[in-house]
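Everything below concerns the one structure shown next.
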Amino acid sequence: MATTILTGPRRAPTSGQSPKGLVVSLHGYGSNGDDLISLAPYWDRLLPDVQFSSPNAPTQVPGFGAMYQWFAIESMDPVHLAKGAKEAAPLLEAFLEAEMARFNVTKAQTALVGFSQGTMMALQVGLASKEAYAGILGFSGALVGSPDLASKPPVLLVHGDQDDVVPLAASQMAQQFLSQAGLDARLHVSPRAAHTIAMDGLQLGGAFLARVLKGA
């Protein structure tokens, strides 16, 4: 696994100019990079000079072809989830470093977006980075383990109030923990939304990215 190189779809800035910012989107369990790169067209108007990248997670879900996982989910036990996120982190960190070098941007010009298991990874890697990322946007996810808060980027968490896969309480606890630790961490609850990204969350997420990337 140490030699695995993550790959996935990319979307260039719609302005046709060199990127002034980078958004890396991390898909959930049993999905792939194509799923999260599909968010980019909704945010193009706000982020015309931003490069979008969405890597496939490192391993395939057994028996499901082009469906990937950041780590196997054998249970929702917090210890298991924390161990899985920590073990997958170096691969994601290597991908992020390579993408930033490819597009000549810094961490301060790079935002992380995650959905479900991808949010777990975005928080794991983003909070542990000594140099702060521009921001972390997490949909329908959770903060697993005891994070190493090496930096304090702004965080927006979005969660449906009818999510029966990852309960809303997971984002509520994450927001409370991060706020108490001194981060600008906010939570938006999407009404009548299940384990998905509702339109209100999509719009708020775009505004958040435009703010933390300073109009890139």
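Rundown of residues vs (1) open to solvent by 50 Å² or more (accessible area, probe 1.4 Å); (2) at pLDDT 95 or above, yes/no style:
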| residue | (1), (2) |
| --- | --- |
| LEU178 | no, yes |
| HIS188 | no, yes |
| GLN203 | yes, yes |
| LYS214 | yes, no |
Worksheet item: Given the conditions (1) under 13 Å from the mean Cα position of the chain (by Cα); (2) over 22 Å from HIS195 (Cα atoms); (3) crowded, with 24+ Cβ neighbours inside 10 Å, which single one is not true for SER116?
Response: (2)
Worksheet item: If you take the residues of the range 132-142 that are touching a strand residue (DSSP E or B) at 6+ places or on another chain (Cβ under 9 Å) and either under 23 Å from TYR29 (Cα atoms) or basic (Lys, Arg) (or both), which of them is surrounded by the most Cβ atoms within 10 Å (Cβ to Cβ)?
Response: PHE139
Worksheet item: Among (1) of a type in the set (S, T, N, Q); (2) under 12 Å from PHE139 (Cβ atoms); (3) open to solvent by less than 50 Å² (accessible area, probe 1.4 Å), where does THR196 come up short?
Response: (3)
Response to the item:
Contact list, first residue from the range 39-67 and at pLDDT 95 or above, second anywhere and open to solvent by less than 50 Å² (accessible area, probe 1.4 Å) and charged (D, E, K, R), beta-carbon distance below 7 Å, six or more apart or interchain, is SER53/GLU99
Worksheet item: Of all the residues that make up the range 1-52, how many are crowded, with 20+ Cβ neighbours inside 10 Å, more than 23 Å from GLN69 (Cβ to Cβ) and aliphatic (A, V, I, L, M)?
Response: 3
Fill in: In the range 22-48, the residues that are of a type outside the set (A, V, I, L, M, F, W, C) and not in a helix (DSSP H, G or I)
SER25, HIS27, GLY28, TYR29, GLY30, SER31, ASN32, SER38, ASP44, ARG45, PRO48
Worksheet item: Going through the range 66-104 one residue at a time, which ones are closer than 19 Å to PRO167 by Cα, open to solvent by 40 Å² or more (accessible area, probe 1.4 Å) and assigned to a helix (DSSP H, G or I)?
Response: PRO78, VAL79, HIS80
Practice prompt. Considering every residue within the range 135-142, establish whether at least one is touching a Pro at 6+ places or on another chain (Cβ under 7 Å) and under 18 Å from PHE208 (Cβ atoms).
Written response: yes
Discussion item. I'm trying to understand the selection: among the residues of the range 165-202, which are touching a residue at least 60 places away in the same chain (Cβ under 8 Å) and out of contact with any Ser or Thr (no Cβ under 7 Å at 6 or more places or on another chain)?
Written reply: ILE197, LEU202
Practice prompt. Test each condition in (1) closer than 28 Å to LEU204 by Cβ; (2) at pLDDT 95 or above for ASN104 and report the one that comes out false.
Written response: (1)
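The values are calculated or read from the model by the stated rules, or taken from the named source; none is laboratory data. Everything quoted here is computed from the prediction, not taken from an experiment. Reconstructed Cβ throughout: ideal geometry from the backbone, glycine too, with neighbour counts over all protein chains shown. The area values use the complete protein model at the heavy-atom level, side chains included, leaving out ligands, DNA and RNA. Shrake-Rupley method; radii C 1.70, N 1.55, O 1.52, S 1.80 Å.
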